[in-house]
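What follows is a short report on a single structure.
The values are calculated or read from the model by the stated rules, or taken from the named source; none is laboratory data. No experiment lies behind these values; they were computed from the predicted model shown. FYI the Cβ positions are ideal-geometry reconstructions off the backbone, even for glycines, and counts take in every protein chain you see.
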Amino acid sequence: MRGFTLLEVMVALAIIAGVLMTVISSFGYHLGIATRDREETVAMVLARARLDDAILRGEKTGTGTFSPDWPEIGWKLATESTQWPGIEQLNLTVSWNREQQRLILTKYREKQ
């Protein structure tokens with residue numbers, strides 16, 4: 001009779017198990033990256049819109065969230081002087097994930 005020995009079957013199963021574990025862990029890792037990238041993209045788009053709105057309104061400071069659509073994402077606007085006369089620096093900090101992740105956008109404008 002021809003066929004596979006028990007040892008050959010066991011080795012084949014061990015190889016398949018190793019490949020499956022690698023694929024599953026890789027999938028989980030890449031899914032985490034995709035989720036993080038989505039969060040950062042949403043935060044960046046919201047931050048850019050908020051900073052442009054602050055510039056149009058002439059705001060200098062403020063805090064808030066992006067409710068009702070994104071209540072878990074908060075923002076804080078601060079204005080600082082610069083070394084150049086007549087120019088001020090606007091810093092918008094956007095945070096999410098219970099403030100564990102954040103990004104800061106900076107723009108310069110004429111002092112108002």
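LEU56 meets each of the listed conditions (1) loosely packed, with under 12 Cβ neighbours inside 10 Å; (2) modelled with pLDDT of 90 or more apart from (2). With respect to (1) in contact with a Lys or Arg (Cβ under 9 Å, 6 or more places away or on another chain); (2) part of a helix (DSSP H, G or I); (3) surrounded by fewer than 10 Cβ atoms within 10 Å (Cβ to Cβ), the lone exception for LEU7 is condition (1).
The set of residues in the range 91-105 that are loosely packed, with under 12 Cβ neighbours inside 10 Å and in contact with an Asp or Glu (Cβ under 9 Å, 6 or more places away or on another chain) contains only ARG98. Annotation note: of LEU92, LEU77, LEU103, the sole residue that is within 24 Å of the chain's Cα centre (by Cα), part of a strand (DSSP E or B) and touching a residue at least 60 places away in the same chain (Cβ under 8 Å) is LEU103.
Taking the criterion of being without any contact (Cβ under 8 Å) to a residue 24 or more places away in the chain and assigned to a strand (DSSP E or B), the residues of the range 63-74 that qualify are THR63, GLY64, THR65, PHE66, PRO71.
Is there a residue being free of Cβ contacts under 8 Å to residues at least 60 places away in the same chain and in a strand (DSSP E or B) anywhere in the range 49-62? Yes: the range 49-62 contains one or more residues that are free of Cβ contacts under 8 Å to residues at least 60 places away in the same chain and in a strand (DSSP E or B).
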